[in-house]
Amino acid sequence: MKVGTFNLNNLFDRWNFAGAVEVLESGTATVPATYTFDDENRRRLQLDARGKLLIAKPAADTLRVAERLLEPDIDVWVVQEVENADTLRQFNRDHLGNTYPHVMVIDGNDSTRFIDIGVLSRRPLGGVTSWQRAFHPDEPTRPVFSRDLVEVEILDARGRKAVTIFGTHLKSKFVDFTARDPEAERAAADRLRRLQAETITRIINDRMSTRQKYLLCGDMNDTIDSPQLASFAQAGLVNALADPVEVGTVKTKVELPAHPAWTSTFKGSGQPRSFDLIDQIWVSPALVPKVTGAWIGRRRKLARDGTDHDPAWIELDL
């Protein structure tokens with residue numbers, strides 16, 4: 001069984017409302033927007049919760065993401081930044097040729113960007129649980145996950161549980177350049193990411209034993225050795241992407257790192273370029289001897305190739 005993780009980078013579709021918008025008749029609006037006029041009575045309005053323009057993923061990027069999903073012939077994908085279940089089903093039908101008969105997305109906590117975690121699977125799915133209502137004791141008044149932690153049972157041909165996958169997308173390091181106190185915002189994001197990681201390990205420890213076969217996959221928005229993710233290794237999880245094989249080659253003049261364990265790159269103003277493994281796959285102690293290989297599908301262009309993340313996957317001999 002091959003299991004992978006891939007951040008699809010804003011796989012949106014439905015936010016293309018067309019209809020009469022009465023407030024426009026008065027010529028007033030409180031948020032910026034782009035309007036297109038199909039006829040004198042109907043307008044098209046595209047906004048996100050912050051009042052910013054939100055559009056469907058460009059067709060060329062969508063096609064390239066589909067190619068990158070299909071190339072490695074994966075049995076189960078955990079994907080991030082999906083708008084909703086209908087969007088992922090349509091994407092699977094129109095661009096993946098219905099390769100994955102089992103599609104799952106649960107609306108999570110992201111009320112700003114509307115991005116959720118999804119699963120594309122050739123194998124049947126058993127129980128599916130969303131942990132979006134989980135709390136951390138240090139923050140008892142609000143759910144800890146800014147998106148979600150989903151728990152999915154993958155079944156074998158006889159309908160028995162073969163493996164359990166936990167999929168997530170942790171708090172981003174992004175800080176708006178207009179923030180009054182960028183350092184405070186950065187520290188708050190780091191703290192939330194730590195609380196999220198600690199909550200994940202608590203849930204896994206409550207749900208699983210070291211003898212069970214399970215994985216934790218997703219965009220962790222931090223490095224393997226970061227203090228924010230320390231609870232993963234402390235809980236006995238093992239990084240399955242410590243020594244991956246690269247598939248494909250980046251066409252760039254930029255000097256690439258000698259070690260292939262990276263899925264994201266960033267160049268801050270006046271800073272050296274970083275190459276980080278933020279898209280991760282952690283396995284339980286019982287799965288460690290079952291891992292027969294690990295790969296990262298390398299992008300063609302350094303900046304982005306349909307998405308600004310590279311997919312990672314492992315093979316399990318179950």
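Remarks
- Degrees separating the helix 59-70 axis from the principal Cα axis of the chain, which is the longest one: 10
- Rounded to 10°, Cα long-axis angle of helix 85-95 versus longest principal axis of the chain: 80
- Here each label is just a point 7 Å from Cα along the line to Cβ, and for N205 and D176 those points are 3.6 nm apart.
- Chymotrypsin sites (Phe, Trp or Tyr not before Pro) within region 89-138: DSSP coil, no more than 14 neighbouring Cβ in 10 Å: F135
- When only Cα pairs below 8 angstrom with a gap of at least 6 residues are kept, region 166-241 shows a relative contact order of 43 percent.
- Extending 7 Å from the Cα toward the beta-carbon at both A258 and D243 defines two label points whose distance is 1.6 nm.
- Region 156-230: trypsin sites (Lys or Arg not before Pro) falling in loop per DSSP and having at most 12 other Cβ within 10 Å: R158, R160, R180, R211
- With contacts taken as Cα pairs under 8 Å and at least 6 residues apart, region 263-318 reaches a relative contact order of 40 percent.
- If you plug the beta carbon distance of R304 and R160 into 1/(1 + (r/R0)^6) with R0 = 45 Å, you get a FRET efficiency near 0.65.
- Shape category assigned to region 225-318 from the gyration tensor of Cα positions, a/c cut at 1.5: oblate
- Computed from the C-beta positions of T129 and F266 and an R0 of 45 Å, the FRET efficiency is 0.85 to the nearest 0.05.
- The longest stretch of the chain left intact once loop-based GluC sites (Glu not before Pro) with at most 15 other Cβ atoms within 10 Å are removed from consideration, loops following DSSP, is 41-254.
- Cα-based helix-to-principal-axis angle, 182-207 vs the chain, degrees rounded to 10: 50
- Here the contact order of the chain, divided by its residue count and restricted to Cα pairs under 8 Å and six or more residues apart, works out to 19 percent.
Bear in mind these aren't lab numbers, they're just calculated from the coordinates by the rules spelled out. On a predicted model such as this, the values are computed, not experimentally measured, just so you know. We place every Cβ from the backbone using ideal geometry, glycine too, and count neighbours over all the protein chains shown.
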